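Taken together, the values in this text are just the output of simple stated rules run on the coordinates, not laboratory data. The structure presented is a predicted model; accordingly, all values stated were derived computationally and were not measured. Here the Cβ positions follow ideal geometry from the backbone for every residue, glycine too, while neighbour counts run over all protein chains shown.
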Amino acid sequence: MKKIVFCNIMMKERLNALCYKVSGNSTIEYNGEVIFPINGVLACTLKKDDDVKVVLLKKEDIDGNSDRNAGKYKKELDKINSNLGAKIEYRILSTPHNESRAVQEKLFKEILGEFVEGAAVYTDITYSTKSLPIIVFSALNFAQRFFKADIKNIVYGKVDFDKDNNPFNPELFDMSALFYLNSIVNTIECADGKSALKLLDAILSK
């Protein structure tokens with residue numbers, strides 16, 4: 001099965017491997033520690049006959065941390081996959097640490113260029129800049145409509161920090177329900193806002 005994975009790469013130097021408790025979907029709960037939450041999901045879902053393309057979304061930071069972290073991502077997933085046997089290829093989409101419209105549009109188009117018809121898609125929006133999840137959500141919406149992409153999981157790894165800035169209480173949230181809710185909202189046709197809210201309430205109550 002063709003699978004595409006998008007993961008935002010962090011620019012910070014300090015990385016922590018944690019065991020994430022999953023909120024609401026036990027089928028993707030991994031009992032090992034991972035730096036990148038999506039790799040725990042992949043540990044639970046990858047199969048030997050899967051053809052996987054991993055697309056790492058990287059911002060270019062001055063200290064070169066994102067380059068090193070991309071390498072750590074590959075090392076972590078390759079170790080997990082050594083017991084699974086899926087075919088994995090890696091792609092890196094690197095853009096300047098710049099929020100200009102030109103940079104954002106370039107990344108959006110490059111992400112769209114990674115999709116193939118009918119692929120299962122997994123995404124990790126835990127790390128990197130605030131704009132990346134918006135760009136990724138827009139790209140996933142495009143892919144669902146025009147590439148018939150099957151959006152499986154959009155994960156966010158949340159942690160708390162103690163007074164010494166040490167992470168604790170790691171928890172994994174699957175944001176795919178929010179993505180599909182947005183897709184529904186985009187298809188609603190009503191005469192006014194009041195009617196639209198009433199219809200949305202009816203949908204959410206099911």
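Summary of computed values
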| quantity | calculated |
| --- | --- |
| In segment 1-73, the GluC sites (Glu not before Pro) that fall in loop regions by DSSP, at most 12 other Cβ within 10 Å | Glu13 |
| Relative contact order (%) - segment 2-174, alpha-carbon pairs under 8 angstrom, separation at least six | 28 |
| Relative compactness, the chain, computed as alpha-carbon Rg over 2.2 N^0.38 Å | 1.07 |
| Helix-only CD estimate at 222 nm, as mean residue ellipticity for the chain, using -39500 (n - 2.57) per DSSP H run (n ≥ 4) | -12000 deg cm²/dmol |
| Reachable lysines, given that their alpha-carbon falls under 20 Å from the alpha-carbon of Lys79 and they are not under 8 places away in the same chain | Lys3, Lys47, Lys48, Lys53, Lys87 |
| Tilt relative to the chain, helix 131-146 - C-alpha long axis, 0 to 90 degrees, to 10 | 60 |
| Whole-angstrom gap from segment 11-34 to segment 157-206, using each part's C-alpha centre | 20 |
| Square roots of 5 times each gyration tensor eigenvalue, C-alpha, segment 1-120, largest first, Å | 25, 19, 13 |
| Size of charge dipole - the chain - debye, nearest 20, with Cβ of Lys, Arg +1 and Asp, Glu -1, no other charges | 280 |
| Neighbourhood net charge (14 Å Cβ-Cβ; Lys/Arg +1, Asp/Glu -1) for Lys3 | -1 |
| Virtual spin-label span in nm between Val103 and Phe142, 7 Å along Cα→Cβ | 1.9 |
| Degrees, to the nearest 10: 101-112 long Cα axis against longest axis of the chain | 90 |
| Burial ranking of peptide ranges 38-48, 75-85, 149-159 (average Cβ count within 10 Å, highest at the top) | 38-48, 149-159, 75-85 |
| Anisotropy class of segment 88-206 from Cα gyration tensor, a/c 1.5 cut | oblate |
| Sequence of Tyr73, Tyr90, Tyr30 once ranked by neighbouring C-beta atoms within 10 Å, starting from the fewest | Tyr90, Tyr30, Tyr73 |
| Antiparallel %, DSSP beta bridges [both residues in segment 2-174], to 5 | 20 |
